[in-house]
Amino acid sequence: MSTRTDKIDALAEQAARTDSAGVSVAAAAWRRLRRNPVFLFGAAIVVAFVALALLSPWLAPYDPGERMLGDQVIRARDQIPPPQEGHPLGGDQVGRDLLSRILIGSQQTLMVGVLATLIGFTGGLVLGTLAGALGGWVDTVVMRAVDVMLSIPGLLLAVSIGALFSQPNQFTVILAVAMVQVPIFARLLRGSMLAQRHSDHVLAARALGVRQRAIVFRHMLPNSLGPVIVQSTLVLAISIIDAAALSFLGLGNPDDRIPEWGAMLGEAQKAIDSHPHLAYWPAACIIVVALGFTLMGESLREALDPKSRR
Amino acid sequence: MALLEVRDLSVVFKRKGEEPFTAVDGVSFDVEPGQTVGLVGESGCGKSVTSMAIMGLLAKRGVKVSGSAKFDGTELLTLSDKQMRDRRGQELGMVFQDPLSSLNPVISIGLQVAEVIERHRGLSRKEASVQAAELLDKVGIPDPKRRLSEYPHQLSGGMRQRALIAIALACRPRLLIADEPTTALDVTIQAQILALLAELVKETDTALIMITHDLGVVAGLCDEVNVLYGGRVVERAGRHDLFRVPRHPYTHGLLASIPRLDAPRGERLSPIRGSVADNIPWTQGCAFAPRCPNAIDTCVEVTPAMEPDPVVAGERLLRCHNPVEPADRVEQEILT
């Protein structure tokens, strides 16, 4: 009899131990994500893209800036190097290897996406925390400024900011794209900070005499970050597209030896009638990468949002 | 001098373009160390607002708090934010109603207990978490070391409330306010939590203000009971006196509306007529008059004062023109 109860006790104890000891919100979300095909698909694209960007210097067969097929370009007859032995995608308008340019181009695109998101995230974090934590007139001033920025369509705003710089380069593109994202992050964070400010656990923390700073950074901010983190994965996709658009409009890096997908697309537009394939490749790359980040972001949002859990 | 002396405490909510709303209207009571004082009443009678005002947790804007709340001789209502913050958690503890939403969901239990100890005792994180484990053990959480690293959603309701009590008692406050601490729990757990509170209070000689709408909780725990209606105390008596001879028609109604196991089958429940929505201010007449079965003409004309009960013995204050007569024999026996 006693051996049996001992066995049961041992089992119960084991169950209690294996049963999610110390599972945080993030870990619980990860469990759901692991089985979500949409997330896995998006994540696969993103991982492949990042790997490509990191490894492209070794993957690319040639220097993307060298006009190695220049002798095959005949301007008068609108002729460019066709796909051939050693150059599976052929060359561009000035005879540079298209495959190498696409591969190396991923570096710039990744940098734009990540940096623009980071800058936008940081700016939004500062403004949103200020507005949400302090409230009152700080909140009013910050939020009206945000409203003004949000009232201008995002891409138009990015183009305007980009056009302010007399000498555009890669960093001005990143800055212009990031500035557009700041008000979105700020507004999102401020909203969830406000909800946190009136929550029971913040009241409980106040009832314990916890200092204001600790309440903001330990109790309010971590609980407000969920939607902002999700937004940042979506912003990554948007930044890549926006940066491509700026490059396309000629507000990007003027040095065309360093390839960038958006700039390549812009260049290809000049020859879209005769050589549409020059546009297909960078366009397809942008679309796939943006899709990857968007799918990942959407499934993250679902996993973290308790209301959409099935 | 009592540990906490609340005198004529009033809280008025003022919103732009709206009539000011008086949530608490001249509430006075004392709490001695080791004593448990109950604030009882239905939703919206000002129980929680009273406790929030004492703790200084009400918003600054649009709220007017007047009167006095002296803690150990110090006036709490005029203290600066910083002074008040240093006392909260240290000298004044509070246990809230909903244990799940009162805990931060993204921080481990251990950190939440340790946070208070770090804040008020100035201990290091390591020392604080050793104390946190002891505290969890003291409030009856099994395997406290493991629980320290767990998150609120992994604990059961009773366990969460125990953790909240541990947090509130971490710095051994001299006054503990429990705002409906058992409302969100099921009955068996309620009994455990109440027993735990009673034990801890007795052990440490803590003064306890018990806010509840549950007369069962009052009967089990409180030494003295204040019955609130419409922001005012309408009857105050020791627990035994109050339950044996309820004098105010509201108290009487509350007790009469409790379903009884020994009532005949099929007997209807006897609720108090109307609802607090008919609430009228105490400016002219008694706020309970529209719902009161004993109401007489004086009730709607003259606001009753808080006075010693002229009929029944014992320490009792009453705010009524026409109290319920002590009726049956048991009640007659304790009449003088």
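The values are calculated or read from the model by the stated rules, or taken from the named source; none is laboratory data. All values reported here derive from a predicted model rather than from experimental measurement. Here Cβ is always computed from backbone atoms with ideal geometry, including for glycine, and neighbour counts include all displayed protein chains. These accessible areas exclude ligands, DNA and RNA; they are computed on the full protein's heavy atoms, side chains included. Shrake-Rupley method; radii C 1.70, N 1.55, O 1.52, S 1.80 Å.
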Indicate the helices, whole DSSP H runs only, in chain A that combine a mean Kyte-Doolittle hydropathy of 0.0 or more with a Cα extent along their long axis of 27 angstrom or more. A:37-59, A:98-134, A:170-197, A:221-248, A:277-304
I want to verify a result. In a Gaussian network model of chain A, Cα cutoff 10 Å, which of these has the top mean-square fluctuation: A:281, A:137, A:261? A:137
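Among B:25, A:71, B:72, what's the order by accessible area (1.4 angstrom probe), most exposed first?
Numbers: B:25 35, A:71 130, B:72 75 Å².
Listed by decreasing accessible area, they come as A:71, B:72, B:25.
Shape verdict for segment B:1-127, please, from the Cα gyration tensor: rounded (a/c under 1.5), prolate (a/b greater than b/c) or oblate.
Values: a/c = 1.82, a/b = 1.47, b/c = 1.24.
The shape class here is prolate.
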HN-Hα couplings for segment B:62-75 via Karplus (6.51, -1.76, 1.60; θ = phi - 60°), in whole Hz with x for Gly/Pro, come out as x, 10, 10, 9, 10, x, 8, 9, 9, 10, 6, x, 9, 6
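Per residue of A:193-206, count partner chain C-beta atoms within 10 Å of its C-beta, then hand back the mean as an integer.
Details: counts 0, 0, 0, 1, 0, 1, 4, 9, 12, 2, 7, 14, 10, 8.
Whole-number average of other-chain Cβ neighbours for A:193-206 is 5.
May I ask you to derive the FRET efficiency for residue A:298 and residue A:198 from their Cβ-Cβ distance with R0 = 35 Å, giving the value to the nearest 0.05? Each step should come with its number before you reach the end.
Numbers: r = 29 Å, r/R0 = 0.82.
About 0.75, to the nearest 0.05.
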Counting other chain Cβ atoms within 10 Å of each Cβ in B:81-90 and taking the mean gives 3
Could you pull the Rg and Dmax for the protein assembly as shown, using just the Cα atoms, both in Å? 34.4, 122
Shape of segment B:196-309 from its Cα gyration tensor (a ≥ b ≥ c, root eigenvalues): rounded if a/c is under 1.5, otherwise prolate when a/b > b/c, or oblate? oblate
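Counting only DSSP beta bridges with both residues in the protein assembly as shown, tell me the antiparallel percent, nearest 5. Before the final figure, lay out the partial values.
Details: 31 of 50 bridges.
For the protein assembly as shown, the DSSP antiparallel bridge percentage is about 60.
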Full-extension gain in nm, residue A:214 to residue A:44, via 0.36 nm per residue minus C-alpha separation: 57.4 nm
Not counting the cut sites, what is the longest span of chain B without trypsin sites (Lys or Arg not before Pro) that DSSP labels loop and that have at most 14 other Cβ atoms within 10 Å? B:62-259
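At 222 nm, what helix-only mean residue ellipticity would chain A give, in deg cm²/dmol to the nearest 500, using -39500 (n - 2.57) for each DSSP H run of four or more? List each step's numbers first, then the result.
Working: 11 runs with 215 residues, N = 310.
So the helix-based figure for chain A works out to -24000 deg cm²/dmol.
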So, by mean Cβ neighbours within 10 angstrom, what's the order for A:269-280, A:201-212 with the highest one leading? A:201-212, A:269-280
Cα gyration tensor shape for chain A, rounded if a/c is under 1.5, else prolate or oblate: oblate
